[in-house]
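A short reminder: the numbers here are calculations on the coordinates, not readings from a lab. This structure is a prediction, so every number in the text was calculated from the model and none was measured. Glycine also receives a Cβ, built like all others from the backbone with ideal geometry; neighbour counts cover every protein chain displayed.
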Amino acid sequence: MPDGSVALGGACTQGASGNTTGYDDCAAGGICIGGTCMDVCGFDGSPEAACGPDDHCVRYGQLFANGEDDPIAGACTPRCDPITQLQSNGASCGANRGCYLLTTQTDTVAICAGAGSTIVRQEIVGAVYANSCVPGAQPRRRDSSSTVMECGGLCRPADVTSTTNMTSEGGVAPDSCQQRWGRPSPGDPDGESCRYWWAREPFDTLSPYSNTVGWCFRHGAHLYDSDLNGTLDLAFPRCVSLTTGDVEPPVMNPPGNDALHFWCIATPQMLARVAQRIGREPAMREPRHDTLAPPW
């Protein structure tokens, strides 16, 4: 493979597939992503494999990988805010690009990536990636009884209980599930509420997005395991029906926090105890995609 001449940040092109053409024109150490040469990075934690302070090392499907295998390397990709869709310098991610969350087993990051085209409440056809949806939306399960993946909007969460911020159950305006995405109000049979992103994170620390980003959740379409027998059997409660006491089954000893267990309030720390993890279990059924769609 010949060395290219385009420096990092420069406009690049990817050759057609083939042994003698299937490469880009980036200089050594760069990879063409979305028409721009980006720095190649690794996941071993070494300084040599790391990205700069404004980027994250991100996996792309079929890049540095055989088929759908896990990529062994990635590309340094700009950080951003998934709610405002802006980079830290106030600029947008660019034309036909958006800001997406990627959650791994150890962290959540938000990066600029090529925009998907699947709209909210539409089924994702084919392989599901973190950026399969339109900007500001992420993959989610349609309901608790199927494996169909669809797109759901992100939202700005607030602590909601039966006595707190009840009008913000769908999120904080204008970034609520209703105003931003046109979804039915939480009291509607098909309504959506804004639940904290920490519920979808499988690790025991807080990410920058655990308590600052929410996801629109169709609570009426989901059940949870009320008696810990491994069967989803009880309708998921609304946040405005919950308190910070332990009333909803299963009641714990020592008592738990219903609003926390059902992802309605921010968590002061990740849920390390087994009893606390029970409330997070349904969200663990949601997709936690840490890979972007192939960049070509």
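Over the chain, how many percent of alpha carbon pairs lie in each 5 Å bin up to the one with the longest distance?
Going out from 0 Å in 5 Å bins, the chain shows 1, 6, 11, 16, 17, 15, 11, 9, 6, 4, 2, 1, 0, 0 percent.
To the nearest 20 Debye, how big is the dipole of the chain about its Cα centre, given +1 on the beta carbon of each Lys and Arg and -1 on that of each Asp and Glu?
Values: 19 positive and 33 negative charges, 126 e Å.
Roughly 600 debye for the chain.
Just grab the label-to-label distance for Thr106 and Met166, each label 7 Å out from Cα along the Cβ direction, in nm (one decimal).
Spacing of the two 7 Å Cα→Cβ label points: 4.5 nm.
Please list, by residue number, everything in segment 182-207 whose backbone N is under 16 Å from a paramagnetic label point 7 Å out along Cα→Cβ of Phe43.
202-203
Hey, how many Å between the Cα centroid of segment 177-203 and the Cα centroid of segment 208-274?
14
Rounded to the nearest 500, what is the chain's calculated 222 nm mean residue ellipticity when only DSSP H runs of at least 4 contribute -39500 (n - 2.57) each, over all residues? List each step's numbers first, then the result.
Values: 2 runs with 11 residues, N = 296.
When only DSSP H runs of four or more count, the value is -1000 deg cm²/dmol.
According to the Cα gyration tensor, what semi-axes, each the square root of 5 times an eigenvalue, does the equivalent ellipsoid of segment 137-285 have, listed from largest to smallest in whole Å?
Numbers: eigenvalues 92, 58, 48 Å².
After diagonalising the Cα gyration tensor, the semi-axes are 21, 17, 16 Å.
Give the calculated FRET efficiency between Asp159 and Gln269 to the nearest 0.05, with a Förster radius of 22 Å applied to their Cβ-Cβ distance.
Details: r = 15 Å, r/R0 = 0.70.
Rounded to the nearest 0.05, the efficiency is 0.90.
Apply the Karplus parameterisation 6.51 cos²θ - 1.76 cosθ + 1.60, with θ equal to phi minus 60°, to every residue of segment 258-265 and state each ³J(HN,Hα) to the nearest whole Hz, in sequence, with x for glycine and proline.
Here the 3J(HN,Hα) series is 4, 4, 6, 4, 9, 6, 8, 9 Hz.
Lys/Arg Cβ at +1, Asp/Glu Cβ at -1, dipole of the chain taken about the Cα centre: which of Met38, Leu63, Gly256 is farthest positive-ward?
My answer, from the dipole projection, is Gly256.
Using amide H atoms built in the peptide plane, which far-off residues or other-chain residues are under 5 Å from Asp55 H to H?
So Asp55 has HN proximity to Arg79.
Counting Lys and Arg as +1 and Asp and Glu as -1, each charge on the Cβ, what is the dipole of segment 1-77 about the Cα centre in debye, to the nearest 20? Can you show the working numbers first?
Working: 1 positive and 11 negative charges, 33 e Å.
For this selection, approximately 160 debye.
Along the charge dipole of segment 137-285, which of Tyr224, Ala235, Val213 sits closest to the positive end, that is, farthest toward it, with unit charges on the beta carbon of Lys, Arg, Asp and Glu (+1, +1, -1, -1)?
Val213
Calculate one ³J(HN,Hα) per residue across segment 55-71 by plugging θ = phi - 60° into the Karplus curve 6.51 cos²θ - 1.76 cosθ + 1.60, and present them in order as whole Hz with x for glycine and proline.
10, 10, 7, 10, 7, 10, x, 6, 10, 6, 7, 8, x, 9, 5, 5, x
May I ask which residue of Thr20, Met166, Pro78 lies farthest towards the positive end of the charge dipole of segment 17-175, with charges of +1 (Lys, Arg) and -1 (Asp, Glu) on Cβ and the Cα centre as origin?
Among Thr20, Met166, Pro78, the one farthest towards the positive end of the dipole of segment 17-175 is Met166.
Using the number of other C-beta atoms within 10 angstrom as an exposure proxy, rank Ser117, Ser210, Ser193 with the fewest first. Walk me through the intermediate numbers first.
Working: Ser117 10, Ser210 20, Ser193 32.
Placing the least packed residue first, the sequence is Ser117, Ser210, Ser193.
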